[in-house]
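Engineer: Would you mind keeping the following structure in view while I ask a few things?
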Amino acid sequence: MKITICGGGNAAHALAGILGAHEAHQVYVYAPFSDEARRWQQGMDSHGGLLVVYDNKSIHSRTIVVSADPIKVVPGSQLVLLALPAFAHEQTLQAIAPFLDEGVWVGALPARSGFDWCAREVLRELDNSVVLFGLQTLPWACRITHYGREVSILGTKKQVDLAVWPSIQETEIVATLEDLLDIPLNPIANFLSLTLAGTGQLIHPGIMFGLFHHWDGTPYPTAPLFYHGTNDETANILESLSAEVQTIRAALENQFPTIDLSAVHPLGEWVRRSYAKDIMDPSSLRNCFVTNRSYAGLKAPMQPTDDGLVPDLHARYLSEDIPFGLVVTRGIAELISVNTPTMDKVIHWAQKCLGKKFLKAGKLQGQDIANSRAPQRYGYQQLSHFIVDQPLVYSET
Ligand code: NAI
């Protein structure tokens, strides 16, 4: 199988190294940003390939072709993987669209919210033949140790949720990806569940808000702990955000009784299940964060200044998780007429930090909606535009 990976960061390196070790596949990388393609090639040339280093083993990829020119890597691919932050999905899809073959499988790891809407809009000329899938998260925590030649896998998820469109392709995609990634995948009913269930959209902006919404501009001597810095006020924000998602879920189930949103779990349930062995005291949501060993030592994103550290209010916890997470969910809430006062409070604060306008006069009608994946951005003004009219997305028919 010819596989093309899009991206030049940690996730793309991990994927390229792991897939590149499979004898049966030819792996290509599309890395158009900055001079990443050249640096990646240089890195591989200096050590005869790409090394993936785990705790207890390492694997060496076979030849990988890396290019900044999509025509050199994309044509003929059966599988295309976007291993990029969500804000780079649209421009990447636009660049590769002219070179995609009919029947190609295109997926994002992680998908974040609204990936299917974005991909279907960009790839609309291929709409009936492209198969889309999205993973809820990247299967690994990974970091490049030497650009182009070595990447470390710091942790591997036990299982990852995935959505496939059209769902008739699910069995084949799951079997192929499980074999390639060596990770158990849990297929969920639809992309809408993936959109609503993303926990990063709650945790990251919620904790950023909790840590910094009272910040008075005084630099910090050291970076505050991120997850372990969760106090009662932040935990209440997280509880409220999660409760609002559950209200949206209930309203959707009420209006569309056949829809399956069972994968949209409350945050507390998700964190207790995902980190069962790592949480020392699961008695409250706050304690699930502050006694969670997996989160130990992880710091808030900060920028150095001459006088100390200041919060990085453009970090991906806001620049990715707001327009490609919370704003998307807020857009669905608006369509189903669910009030979301906590989401609104967090989005108002975050959009100020980012210098963007999503919410305006209580509605998602700010100018920067055009750079988000809110349903309104795709012209969906009613839920029926993307739930009833496209039954393949949301049912097993
Ligand atoms: P990274 O920062 O290492 O790589 C980002 C890459 O995206 C760049 O190297 C570049 O090739 C590309 N890119 C395209 N357009 C860009 C733009 N406009 N600005 C910046 N970069 C642009 O990121 P990483 O670690 O590979 O993460 C990719 C995605 O996976 C992100 O959504 C991240 O949140 C997610 N993720 C990563 C994990 C990890 O351990 N690395 C774990 C869980 C999720």
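Engineer: Evaluate the following for residue 219: is it surrounded by fewer than 22 Cβ atoms within 10 Å (Cβ to Cβ) and in contact with a strand residue (DSSP E or B) (Cβ under 6 Å, 6 or more places away or on another chain)?
Structural biologist: Yes.
Engineer: I've got another one for you. Restricting attention to the range 154-172, and to residues there that are among the hydrophobic types (A, V, I, L, M, F, W, C) and surrounded by fewer than 22 Cβ atoms within 10 Å (Cβ to Cβ), which single residue is nearest to the chain's Cα centre (by Cα)?
Structural biologist: Going through the qualifying residues, I end up with 160.
Engineer: Can you pull out the residues in the range 142-183 that are part of a loop (DSSP other than H, G, I, E, B) and at pLDDT 95 or above?
Structural biologist: Residues satisfying the conditions are 147, 148, 149.
Engineer: Filter the range 97-139 down to residues that are assigned to a helix (DSSP H, G or I) and not hydrophobic (A, V, I, L, M, F, W, C) and give me whichever is nearest to residue 185 (Cα to Cα).
Structural biologist: Among those that are assigned to a helix (DSSP H, G or I) and not hydrophobic (A, V, I, L, M, F, W, C), it is 116.
Engineer: Among the residues that make up the range 29-40, is at least one of them in contact (Cβ under 8 Å) with a residue 24 or more places away in the chain, touching a strand residue (DSSP E or B) at 6+ places or on another chain (Cβ under 9 Å), of a type in the set (A, V, I, L, M, F, W, C) and within 30 Å of residue 195 (Cα to Cα)?
Structural biologist: Checked the range 29-40: at least one residue is in contact (Cβ under 8 Å) with a residue 24 or more places away in the chain, touching a strand residue (DSSP E or B) at 6+ places or on another chain (Cβ under 9 Å), of a type in the set (A, V, I, L, M, F, W, C) and within 30 Å of residue 195 (Cα to Cα).
Engineer: Of the conditions (1) within 15 Å of the ligand (Cβ to nearest atom); (2) on the phi > 0 side of the Ramachandran plot; (3) without any contact (Cβ under 8 Å) to a residue 40 or more places away in the chain, residue 48 fails just one. Which one is it?
Structural biologist: (1)
Engineer: Here's another thing I want to ask about it. If you go through the range 29-54, how many residues are in a strand (DSSP E or B) and over 20 Å from residue 152 (Cα atoms)?
Structural biologist: 1
Engineer: Sticking with this one: Looking only at residues that are over 30 Å from residue 314 (Cα atoms) and buried (at least 21 other Cβ atoms within 10 Å of the Cβ) in the range 67-105, which one is nearest to the ligand (Cβ to nearest atom)?
Structural biologist: 73
Engineer: Within the range 304-338, track down each residue that is in a helix (DSSP H, G or I), within 16 Å of the ligand (Cβ to nearest atom) and either over 24 Å from the mean Cα position of the chain (by Cα) or not aliphatic (A, V, I, L, M) (or both).
Structural biologist: 316, 317, 319, 323, 324, 325
Engineer: Now for a different question. Which residue is surrounded by the most Cβ atoms within 10 Å (Cβ to Cβ), if the candidates are limited to the range 280-310 and must be out of contact with any Asp or Glu (no Cβ under 7 Å at 6 or more places or on another chain) and under 18 Å from residue 200 (Cβ atoms)?
Structural biologist: Kept after step one, since they are out of contact with any Asp or Glu (no Cβ under 7 Å at 6 or more places or on another chain), are these residues of the range 280-310: 280-284, 288-290, 295-300, 304-310.
Add one more test, that the residue is under 18 Å from residue 200 (Cβ atoms), and what stays is 288-289, 295, 298-300.
Working: 288: 26, 289: 24, 295: 20, 298: 13, 299: 14, 300: 20.
Ranking the candidates gives 288 first.
Engineer: For the structure I just gave you, tell me whether residue 124 is out of contact with any helix residue (DSSP H, G or I) (no Cβ under 6 Å at 6 or more places or on another chain), more than 15 Å from the ligand (Cβ to nearest atom), under 24 Å from residue 327 (Cα atoms) and in contact (Cβ under 8 Å) with a residue 12 or more places away in the chain.
Structural biologist: Taking the combined requirement at face value, the residue does not satisfy it.
Engineer: Right, next: Please specify each residue of the range 1-27 satisfying the condition of being under 22 Å from the mean Cα position of the chain (by Cα), over 19 Å from residue 145 (Cβ atoms) and more than 9 Å from the ligand (Cβ to nearest atom).
Structural biologist: 3, 4
Engineer: Turning to a different aspect of this structure: Considering only the range 99-108, state which residues are touching a Pro at 6+ places or on another chain (Cβ under 8 Å) and over 12 Å from residue 130 (Cα atoms).
Structural biologist: 99
The values are calculated or read from the model by the stated rules, or taken from the named source; none is laboratory data. Just so it is clear, the structure is predicted and the values come from calculations on it, not from any experiment. When we count neighbours, we look across all protein chains shown, and the Cβ atoms used for this are built from the backbone with ideal geometry, even at glycine.
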